[in-house]
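Structure first, commentary second.
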């Protein structure tokens, strides 16, 4: 019995040491929060200093359209918010960070919190953010009836032909983007896109038809958000709702013996001269999605990549805009 005492002491000591180590993911969260906060603050400063290329172009396009199409002013003014910190995309980043800090119980695990912080960190990269702004920028281009060129994207006709896509009207680049609207279900169970606030003018002014998810999911055209930015510029809850809707739609088609191709099953053709950061971020997101059983390894590799990306956080794209080919 006396020989058991040292063993018990060793076991007790080991248990104390293990408990002192704590949750390594929670420690990473504590370290990552100020880094993500700083990155978002740097993005705000970059916007204020005119260092985000596509934000500058939104300002230029907006001013041109205000002169040529003054009746569109309420809608143009909404898009001009994307040049600063009052735009819906920037506001969404801040709100998501506040959810992490103030409502951590909204996440299913510590790993999910850490993943969200890494996504926010990348989303606030001024270069990625500039690429993401190509969607509202190109809506302004389409509103100009061809007098202003699309940026970082093919012409509408070319991308529609390449993707065999349907035409969902002016503003279609923003359909599916939770910063500008949401999918709402009707009494018949079908889901339709509903614009937020002034963005509904796109349907009123341009006569765009009401967009059902059944049609859009199968026939959507290219957009930066849906083809490159969805994992970075959506909250976990928004992604879950998108995936749930897509799954329900697929089951509905299957129950009728019809084929359905997911809205997100493949990237649409249409990007032109987007940054290398967007391409690498997409590769990282796809790798993460395919390795859900190895989340800890992903977090470690993402953190090392994040540190390298942070050193380049003030870089901006230098390419001049070109007309969509």
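The values are calculated or read from the model by the stated rules, or taken from the named source; none is laboratory data. For clarity, every value in this text was computed on a predicted model and none was experimentally measured. Don't worry about glycine lacking a Cβ; one is built from the backbone with ideal geometry, like all the others, and counts go over all protein chains shown.
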Those residues that are touching a helix residue (DSSP H, G or I) at 6+ places or on another chain (Cβ under 8 Å) and surrounded by fewer than 17 Cβ atoms within 10 Å (Cβ to Cβ), I need them from the range 60-70; list them, please.
-> 66, 69
Go through the range 163-185 residue by residue and tally those that are within 20 Å of the chain's Cα centre (by Cα) and assigned to a loop (DSSP other than H, G, I, E, B).
-> 7
Which of (1) at positive phi; (2) touching a helix residue (DSSP H, G or I) at 6+ places or on another chain (Cβ under 6 Å); (3) surrounded by fewer than 20 Cβ atoms within 10 Å (Cβ to Cβ) does residue 152 not meet, given it meets every other one?
-> (3)
Quick one: which helices (runs of 4 or more DSSP H) lie wholly within the range 70-162 and hold at least 3 residues that are within 20 Å of residue 58 (Cβ to Cβ)?
-> 73-80, 88-102, 126-132, 134-143
Any pair with Cβ under 8 angstrom, 6 or more apart, that starts in the range 120-147 at a residue that is free of Cβ contacts under 8 Å to residues at least 60 places away in the same chain and ends at one that is surrounded by fewer than 24 Cβ atoms within 10 Å (Cβ to Cβ) and part of a helix (DSSP H, G or I) | 142/156
Please verify whether the range 156-164 includes one or more residues that are farther than 20 Å from residue 91 by Cα, touching a strand residue (DSSP E or B) at 6+ places or on another chain (Cβ under 9 Å) and either at pLDDT below 95 or surrounded by 19 or more Cβ atoms within 10 Å (Cβ to Cβ) (or both).
-> yes
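Quick grid of which residues meet (1) in contact with a strand residue (DSSP E or B) (Cβ under 8 Å, 6 or more places away or on another chain); (2) farther than 20 Å from residue 179 by Cβ; (3) at pLDDT below 50:
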{"site": "232", "(1), (2), (3)": "no, no, no"}
{"site": "238", "(1), (2), (3)": "no, no, no"}
{"site": "250", "(1), (2), (3)": "no, yes, no"}
{"site": "255", "(1), (2), (3)": "no, yes, no"}
{"site": "264", "(1), (2), (3)": "no, no, no"}
{"site": "296", "(1), (2), (3)": "no, yes, yes"}
{"site": "304", "(1), (2), (3)": "no, yes, yes"}
{"site": "318", "(1), (2), (3)": "no, yes, yes"}
Go over the candidates 240, 232 one by one and state the one that is in contact (Cβ under 8 Å) with a residue 60 or more places away in the chain and under 23 Å from residue 99 (Cβ atoms).
-> 232
In the range 213-224, what residues are farther than 12 Å from residue 131 by Cα and either out of contact with any strand residue (DSSP E or B) (no Cβ under 9 Å at 6 or more places or on another chain) or surrounded by 20 or more Cβ atoms within 10 Å (Cβ to Cβ) (or both)?
-> 213, 215, 216, 217, 218, 219, 220, 221, 222
Does the range 191-214 include one or more residues that are closer than 20 Å to residue 247 by Cα and assigned to a helix (DSSP H, G or I)?
-> yes
For residue 188, are the conditions met, namely being outside any strand (DSSP E or B) and within 19 Å of the chain's Cα centre (by Cα)?
-> no
All positions within the range 38-58 that are crowded, with 16+ Cβ neighbours inside 10 Å and touching a helix residue (DSSP H, G or I) at 6+ places or on another chain (Cβ under 7 Å) = 39, 40, 43, 46, 47, 51, 52, 53, 54, 55, 57, 58
Failed item, numbered, when residue 210 is tested on (1) over 21 Å from residue 234 (Cβ atoms); (2) touching a strand residue (DSSP E or B) at 6+ places or on another chain (Cβ under 9 Å); (3) at pLDDT 95 or above = (3)
Give the residues of the range 225-259 that are more than 27 Å from residue 134 (Cα to Cα) and not in a helix (DSSP H, G or I), sorted by residue number.
-> 256, 257, 258, 259
